[in-house]
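Enquirer: Could you have a look at this structure, given as structure tokens, before my questions?
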Amino acid sequence: MDESLWSRLVPEARAEVDGLIAAGRHIQAIATMLGLVGPPRPSLPACADLLELRARVLRQ
């Protein structure tokens with residue numbers, strides 16, 4: 001999994017995405033990733049992969 005998408009998000013966006021994932025609001029988390037990262041726009045599968053990775057990290 002390429003974590004470059006995570007590194008492209010500013011810390012505030014990372015916190016927002018993590019909060020949405022922790023709350024089970026996965027669709028909103030993906031929408032946030034798509035909306036807050038600059039060009040080039042990430043693909044939906046890349047966002048889904050990152051969501052899954054972050055969900056595993058947050059469960060630990």
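The values are calculated or read from the model by the stated rules, or taken from the named source; none is laboratory data. Computed from a predicted model, the values in this text were never measured in an experiment. Surface areas here come from the heavy atoms of the whole protein model, side chains and all, with no ligands, DNA or RNA. Shrake-Rupley method; radii C 1.70, N 1.55, O 1.52, S 1.80 Å.
Enquirer: Can you pull out every residue in the stretch 1-18 that is part of a helix (DSSP H, G or I), open to solvent by 50 Å² or more (accessible area, probe 1.4 Å) and of a type in the set (A, V, I, L, M)?
Expert: ALA15
Enquirer: Are any residues in the stretch 19-60 assigned to a helix (DSSP H, G or I) and among the polar types (S, T, N, Q), and if so, which ones?
Expert: If the condition is that a residue be assigned to a helix (DSSP H, G or I) and among the polar types (S, T, N, Q), then GLN28, THR32 are the ones that fit.
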